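Below you'll find the structure, written out as structure tokens, and then a few comments.
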Amino acid sequence: MKLTFLGTGAADWDINAYTPDAGFRRFSSALVNDDLLIDPGPHIFHFARCAGKPDMFENVKNIIVTHTHSDHFCPDTVKKLCSGGNVRLWGDRACMKKLTAAIGESAAAEIDFMSIPVSRDPYKIGGYNIWSLESNHQGDYWDEFTRLYVIEGIDPKDPSLPDDVICPADVRMLYYGCDSAWIPTRSWNVIKNMPLNAMVMELTCGTAAPNDWRIFEHNTLEMLELMLKTFRKYNYFSPEVKFYTSHMARTLHSSHDELTELLKPMGVTPAFDGMVINI
Ligand SMILES: [Zn+2]
Ligand SMILES: [Zn+2]
């Protein structure tokens, strides 16, 4: 399973101040293989243009939504990707409220939307099993359930191998947790038993944010460190699990290079826009 980071920043980044260097971050969004989009944010087409891949969303079949904050959910992006009816949107009912308010009732009704409650059981979405678990965050609506996702994908057999060569199915599991402070207990009780291969943790608050009020809805360095120590103490997840961070705030972090050095002793890699990981 391949994950492309389309954006790795929090909501304080300004796309109008874009410079083509590795330190710039767009709003958080990611693409699984070429067919599953996590968060239809407002900057994903900017990423595609800058990457010289204007058609990179051509094969997207499904979109999952973490929550309706405008850095993660852009009605115009949804309209662009979903018009034509070949792409399905999955998430909380709040997505429809936001779409209706932004593009009107009749245009919103044309979107192929599937409301999925948070659940300890997975949903079959495209070729993936996807757990939609609650995050510790609040979206634009009081009754919205914001989400963390676990995505289980099965790597297809290498097409270069002859048909009579049987390969065991290679099941891979990815955790994507932007935005959330900690991992809520009910979600943790599902996640802790999973052989995760990669975790993308949110890290909104960095060295420039000691004792910050955002600890009630986002992670800080201290929180990340404590979670990692606990994961390792009890050998959670798969033995080779890899850790990444995303959703770094512009005003709460130093440079990407400094963050890379800071996270190295923790065994964590901060993601950057355009980074691709093989899970
Ligand atoms: Zn956000
Ligand atoms: Zn948010």
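Structure above, values below:
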{"quantity": "Looking only at segment 71-85, and only at residues there that are in a loop (DSSP other than H, G, I, E, B) and under 20 Å from Met114 (Cα atoms), the one that is nearest to ligand 2 (Cβ to nearest atom)", "calculated": "His72"}
{"quantity": "Qualifying residue in segment 27-37 (condition: touching a helix residue (DSSP H, G or I) at 6+ places or on another chain (Cβ under 7 Å), modelled with pLDDT of 95 or more and not polar (S, T, N, Q))", "calculated": "no"}
{"quantity": "Residues that are surrounded by 12 or more Cβ atoms within 10 Å (Cβ to Cβ) and either assigned to a loop (DSSP other than H, G, I, E, B) or acidic (Asp, Glu) (or both), drawn from segment 98-119", "calculated": "Glu110, Ile111, Asp112, Ile116, Val118, Ser119"}
{"quantity": "Every residue from segment 66-92 that is in contact with an Asp or Glu (Cβ under 6 Å, 6 or more places away or on another chain) and within 16 Å of ligand 1 (Cβ to nearest atom)", "calculated": "Thr66, Thr68, His72, Asp92"}
{"quantity": "Condition check for Pro42: assigned to a loop (DSSP other than H, G, I, E, B), surrounded by fewer than 22 Cβ atoms within 10 Å (Cβ to Cβ) and within 16 Å of ligand 2 (Cβ to nearest atom)", "calculated": "yes"}
{"quantity": "Checking Asn211 against (1) touching an Asp or Glu at 6+ places or on another chain (Cβ under 8 Å); (2) at positive phi, the condition it does not meet", "calculated": "(1)"}
{"quantity": "Members of segment 45-70 found to be assigned to a loop (DSSP other than H, G, I, E, B), away from ligand 2 (no atom under 16 Å from the Cβ) and at negative phi, listed by number", "calculated": "Ala51, Lys53, Pro54, Asp55, Met56, Phe57, Glu58, Asn59, Val60, Lys61"}
{"quantity": "All positions within segment 236-261 that are of a type in the set (D, E, K, R) and not in a loop (DSSP other than H, G, I, E, B)", "calculated": "Lys242, Arg250, Asp257, Glu258, Glu261"}
{"quantity": "Residue count, segment 103-128 (criterion: of a type outside the set (Ser, Thr, Tyr) and touching a Cys at 6+ places or on another chain (Cβ under 9 Å))", "calculated": "4"}
{"quantity": "Criterion violated by Cys95 - all others in (1) in a helix (DSSP H, G or I); (2) out of contact with any strand residue (DSSP E or B) (no Cβ under 8 Å at 6 or more places or on another chain); (3) within 16 Å of ligand 1 (Cβ to nearest atom) satisfied", "calculated": "(2)"}
{"quantity": "Of all residues making up segment 158-180, the number that are at pLDDT below 70 and either of a type outside the set (D, E, K, R) or touching a His at 6+ places or on another chain (Cβ under 7 Å) (or both)", "calculated": "8"}
{"quantity": "Hits in segment 73-90 (condition: of a type in the set (S, T, N, Q) and within 18 Å of the chain's Cα centre (by Cα))", "calculated": "Thr77"}
{"quantity": "Ile215, sole failed condition from (1) at pLDDT 95 or above; (2) in contact with a strand residue (DSSP E or B) (Cβ under 6 Å, 6 or more places away or on another chain)", "calculated": "(2)"}
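The values are calculated or read from the model by the stated rules, or taken from the named source; none is laboratory data. It should be emphasised that the depicted structure is a prediction, and the values quoted were computed from it without experimental measurement. Using ideal geometry, Cβ is built from the backbone for each residue, glycine included, and neighbour counts are taken over all protein chains shown.
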